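The values are calculated or read from the model by the stated rules, or taken from the named source; none is laboratory data. Just so we're clear, the structure is a prediction, and the values are computed from it rather than from any experiment. Cβ coordinates were reconstructed from backbone atoms using ideal geometry, including for glycine residues, and neighbour counts include every protein chain displayed.
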Amino acid sequence: MLQTDVSKLLDGMHYLIENEQYDALFTQLQFAVTLLLEQQHIEEVIALFDQAIPILLTEHKVSIVRELVELVMPHVQPDDAYLYGKMLFFSGHVYFLIEETDQSIHYYRQSLGYFMKCEPVPFQSIAITLLNLAALTEKTTTYETQLSYARIISVFKSINTTDETAKDIVNKYSFYYETCLRLERFDDAYAILLKLKQLTCPPQSREQLQVQGAEVMYYYKTKQYDIALQLVTHVLTQFPKHQNITIMLLMYNVAIDCSNKLQHVPEAMQLQKERDALQKHLQMQRMELNEKFPLPTNTLPDSTSLQLMSQYVNDALAQGTCYTVIVYDVSLFEEGEQTTMLKQLHTAMQQTFSQPIVYFTAINRHQSVYVVPCGEAHTWARIENVLATLPFAPSYGYCHSSKAAIPTFEQLLHMSYAYIYYAHSQKRKVT
Amino acid sequence: MNLVKSVFSLNDEQFRDVERALSLDNIIAMVRPGYSETPQYIGGFQDFFIFFYYEELPLFDSELTLIYMTRYEIIQAFAKTATVKAMKAMTVGNLEHALLAAVTCTNIYIDIFQNVIRQTLPPEHVKFHETFAYADWQHFFNKQFQKIESYPKLFVQVQSEIIKQFWAYIRTQSDAFERELLKAKQFLQTYVMTEMRLFSS
């Protein structure tokens, strides 16, 4: 079993989340979860999940989330109501995204039962679960039921919240307001709109857009098309179109419909063109998100591929050979200089390590990995010597095997990454 | 959630109110996992909702209180307490409040049954009770059953034992029972006050 400093592992993971390094996050999360489970750090796993899973799901990494949830579930006992409830909740998310509605509803509802066993009751988790359930069950429920749900959700969202920003307040009312409009409860909707309009929102912020959008929708739904058109035109000129695209697309839909109803046909056609261009922009954005970061090959001479390296090292480890894996990272430097830096590092490594480097390769444009046959006492001193010869200070992480605990190459590699990301997270704290 | 027979005599309007409440499946899912679809506990949940929703309770159905005797005793035990009466002051006429109060009280009963009563019952009684948890107990009193047994002796014996243990718990563990009721009241109060803060003009 690979020993690890849990706090460093988590700091490193949080750094990846905050810096939107999703590729590294995806692979590190799988490694980290396995390690934390082995060492019984279930609560840390849940803390990681709470932060990482919404991001993973936004990035459409549903299969990874499903795999992670299935990995953790057997280790969580039903007696541990909050943890068990959370795992059911994440399962609900997965099925929600892959459009397995019945399964999603089942898991979300199960999670509610467990949340209610907790002390204190996790009102925010309950609110989010109820919100997703309301969306899933909308088509099979009456208007009155939907309104009840919306009201209850708003209240649960608001319990125990203090120091609320305009963003929090908009978030609390938004679902209830939309439900009121949809169900033509215009008096109730107007009462909420008046509250929202009293908020002071930062200029051009999302919450300001939401409030102005709410006003547009009120006049549109109450068929006051002239006022709605006036307001929505102001929104479309005031806010940048490529931010909050889904809200802007909705505004365009309203503007087009209002223009048509008021028989402003040329304006409606122009708006349609602008809307189509924005829709296309959104599609391009989504395509870019789904593209993987390309892994370059052979940036260093005589390198071995990572896959082959894994095979050779794992064979040797299984036979009791002890290795140290060292990873260098120059991602914090200018992109144009990274390859040169990795080459300089390689020269320094060859000159400093008196025993031959067993394997090495570039992992990507800003990372390289070395496998050397020595233990900790020597590795630290030698890395110091390598760094002393360089005109720059790369980040690095290393991890060694021992005869007592035989990890895999991948575990050594990922633990080395963990130390690098931890170091980056500490650098951010200082700056 | 499907309506089950109530221990109260409901008129058409009251029947529709209960149906409307039971249509909020997502809220009823807040009942303890595994119990929100068991007729025995759905019935108890319904009874609690009716108690909390109507200022003046409908009359008990004398036949059904004999059949669903456990549910009848439970609602009586809860309704007698000052804390539950205080909760009712916040729930009368408000569907969502009455639903949430019913959820918390049903959960309290389920916990008492699982953690206390179940441990004291003979294993064969536990098995009987759980075997028929999904059945409508009115079947024990119909003509078809009466051909097998003129009187459902074991059924009545098991229910009587449960009721006896339940009342014993309330007598001997009154502090623990009151603590749970106070938590339920606090949950409801927090909800009601937050709602007032959020939706007052």
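A few notes on this one:
- All positions within segment B:34-56 that are modelled with pLDDT under 90, in a loop (DSSP other than H, G, I, E, B) and farther than 13 Å from B:Leu99 by Cβ: B:Gly34, B:Tyr35, B:Glu37, B:Thr38
- Residues within segment A:159-194 that are within 12 Å of chain B (Cβ to nearest Cβ), farther than 17 Å from A:Leu131 by Cα, charged (D, E, K, R) and touching a helix residue (DSSP H, G or I) at 6+ places or on another chain (Cβ under 6 Å), tallied: 1
- Unique residue being within 12 Å of chain A (Cβ to nearest Cβ), out of contact with any Leu (no Cβ under 9 Å at 6 or more places or on another chain), more than 19 Å from A:Thr142 (Cβ to Cβ) and not acidic (Asp, Glu) when the list is B:Gly34, B:Gly44: B:Gly34
- Taking the criterion of being touching a helix residue (DSSP H, G or I) at 6+ places or on another chain (Cβ under 6 Å) and part of a loop (DSSP other than H, G, I, E, B), the residues of segment A:211-240 that qualify are A:Thr222, A:Phe239.
- Test result for A:Leu29, surrounded by 16 or more Cβ atoms within 10 Å (Cβ to Cβ) and under 15 Å from A:Leu97 (Cβ atoms): no
- Of all positions in segment A:141-153, at least one carries a residue that is within 25 Å of the chain's Cα centre (by Cα) and either more than 7 Å from chain B (Cβ to nearest Cβ) or at pLDDT 95 or above (or both).
- Residue match in segment A:85-99 (condition: among the acidic types (Asp, Glu), modelled with pLDDT under 85, over 25 Å from A:Glu410 (Cα atoms) and surrounded by fewer than 17 Cβ atoms within 10 Å (Cβ to Cβ)): yes
- Flag if A:Val216 is buried (at least 16 other Cβ atoms within 10 Å of the Cβ), under 17 Å from A:Glu178 (Cβ atoms) and touching a Gly at 6+ places or on another chain (Cβ under 7 Å): no
- Verdict on B:Phe52 being touching a residue at least 24 places away in the same chain (Cβ under 8 Å), crowded, with 19+ Cβ neighbours inside 10 Å and away from chain A (no Cβ under 13 Å): yes
- Exclusive hit being touching a Phe, Trp or Tyr at 6+ places or on another chain (Cβ under 8 Å), farther than 30 Å from B:Glu195 by Cβ and away from chain B (no Cβ under 13 Å), set A:Ile42, A:Ile55: A:Ile55
- Taking the criterion of being away from chain B (no Cβ under 14 Å), farther than 27 Å from A:Thr142 by Cα and either in contact with a Leu (Cβ under 6 Å, 6 or more places away or on another chain) or in a helix (DSSP H, G or I) (or both), the residues of segment A:195-210 that qualify are A:Arg206, A:Glu207, A:Gln208, A:Leu209.
- For segment A:120-140, a residue qualifies if it is more than 27 Å from the chain's Cα centre (by Cα) and either within 7 Å of chain B (Cβ to nearest Cβ) or of a type in the set (Phe, Trp, Tyr) (or both), but none of them does.
- Residue list for segment A:90-119, filter: facing chain B (nearest Cβ under 10 Å) and not in a helix (DSSP H, G or I): A:Met116, A:Lys117, A:Glu119
- Among the numbered conditions (1) buried (at least 22 other Cβ atoms within 10 Å of the Cβ); (2) under 15 Å from B:Asp25 (Cα atoms), the only one that A:Tyr114 does not meet is (2).
One line per residue, one yes/no per condition, for (1) assigned to a helix (DSSP H, G or I); (2) modelled with pLDDT of 85 or more; (3) of a type in the set (D, E, K, R); (4) touching a Ser or Thr at 6+ places or on another chain (Cβ under 6 Å):
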{"position": "A:Val325", "(1), (2), (3), (4)": "no, yes, no, yes"}
{"position": "A:Gly336", "(1), (2), (3), (4)": "yes, no, no, no"}
{"position": "A:His346", "(1), (2), (3), (4)": "yes, yes, no, no"}
{"position": "A:Ile357", "(1), (2), (3), (4)": "no, no, no, no"}
{"position": "A:Ala362", "(1), (2), (3), (4)": "no, no, no, yes"}
{"position": "A:Val371", "(1), (2), (3), (4)": "no, yes, no, no"}
{"position": "A:Arg382", "(1), (2), (3), (4)": "yes, no, yes, yes"}
{"position": "A:Tyr422", "(1), (2), (3), (4)": "yes, no, no, no"}
{"position": "A:Arg428", "(1), (2), (3), (4)": "yes, no, yes, no"}
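- Residue that is at pLDDT below 95, out of contact with any helix residue (DSSP H, G or I) (no Cβ under 9 Å at 6 or more places or on another chain) and among the hydrophobic types (A, V, I, L, M, F, W, C), where the choices are B:Leu121, B:Leu59, B:Leu64: B:Leu59
- Yes/no for B:Glu13 being part of a helix (DSSP H, G or I) and surrounded by fewer than 20 Cβ atoms within 10 Å (Cβ to Cβ): yes
- Matching residues in segment A:382-410 - criterion: being touching a helix residue (DSSP H, G or I) at 6+ places or on another chain (Cβ under 7 Å), surrounded by fewer than 23 Cβ atoms within 10 Å (Cβ to Cβ) and of a type in the set (S, T, N, Q): A:Asn385, A:Thr389, A:Ser395, A:Thr408
- When segment B:6-31 is filtered for residues that are of a type outside the set (A, V, I, L, M) and within 12 Å of chain A (Cβ to nearest Cβ), the ones remaining, listed by number, are B:Arg16, B:Asp17, B:Glu19, B:Arg20, B:Ser23, B:Asp25, B:Asn26.
- Qualifying residue in segment B:63-81 (condition: closer than 17 Å to B:Phe187 by Cβ, in contact (Cβ under 8 Å) with a residue 12 or more places away in the chain and either in contact with a Gly (Cβ under 9 Å, 6 or more places away or on another chain) or of a type in the set (A, V, I, L, M, F, W, C) (or both)): yes
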